[in-house]
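Values quoted throughout were computed directly from the atomic coordinates according to the rules given, and no laboratory measurement underlies them. These figures come from a predicted structure and were not determined experimentally. Heads up, the Cβs are rebuilt from the backbone with ideal geometry, glycines too, and the neighbour counts pull from every protein chain shown.
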């Protein structure tokens with residue numbers, strides 16, 4: 001499904017045209033390929049949100065019925081005050097303000113206290129990239145995604161985002177649609193929501209696959225070690241390793 005504005009142009013083309021005429025803001029902007037991909041995979045108007053703002057905000061304000069923008073106010077940041085992302089977005093004549101709500105402030109503060117009254121059709125995570133903030137954003141968003149919703153993770157070449165990306169590749173709740181340069185597009189499956197207030201780390205595929213390899217390696221090392229070295233490993237540790245290996249075999 002394509003999204004045309006009143007002018008008859010695609011919403012993505014209008015957003016890209018604004019970016020190309022004005023230039024990127026200080027925090028950097030998604031480029032043509034990623035903006036086109038959002039419009040391509042987001043198949044219906046619905047309820048969307050993003051952390052951070054930029055060209056994607058202009059697009060989503062026109063193809064969603066309601067769009068939430070969680071972003072810090074960078075107009076007073078020395079690094080970006082002369083070319084802030086908020087000014088970039090708000091200066092665009094294509095921004096659909098009637099469908100867009102800005103929740104200004106650090107997402108570390110605004111997301112945990114925000115009351116989502118309905119499920120999301122799309123979430124784009126592109127807020128602060130330092131650890132553990134991408135994981136924090138994911139935690140406060142994932143349980144609000146409806147089945148079939150789109151989850152977009154930007155800048156997955158950065159190690160903190162790469163960790164989240166690799167986790168999602170293994171997780172039952174998501175299937176990868178595509179990775180386009182440094183932006184990953186996932187679709188929410190019909191798998192049950194992982195309990196946000198529990199644990200159960202051993203049931204997550206990301207942990208299961210890597211923990212099994214770790215335990216198997218430890219067991220092989222015990223078997224191959226000289227007898228005198230094997231005896232130096234505490235009996236409780238040897239027993240625990242063998243039990244874990246048996247449990248996951």
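Here are the numbers for the structure shown:
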quantity: Filter result for residue 105 (within 21 Å of residue 48 (Cβ to Cβ), touching a residue at least 60 places away in the same chain (Cβ under 8 Å) and surrounded by 14 or more Cβ atoms within 10 Å (Cβ to Cβ)); calculated: no
quantity: Qualifying residue in the range 155-175 (condition: touching a strand residue (DSSP E or B) at 6+ places or on another chain (Cβ under 9 Å) and touching a residue at least 60 places away in the same chain (Cβ under 8 Å)); calculated: no
quantity: Selection status of residue 139, assigned to a loop (DSSP other than H, G, I, E, B) and within 23 Å of residue 194 (Cβ to Cβ); calculated: no
quantity: Criterion violated by residue 123 - all others in (1) surrounded by fewer than 18 Cβ atoms within 10 Å (Cβ to Cβ); (2) touching a strand residue (DSSP E or B) at 6+ places or on another chain (Cβ under 6 Å) satisfied; calculated: (1)
quantity: Residue, nearest to the chain's Cα centre (by Cα), within the range 183-208, restricted to residues that are over 16 Å from residue 173 (Cβ atoms) and surrounded by 10 or more Cβ atoms within 10 Å (Cβ to Cβ); calculated: 183
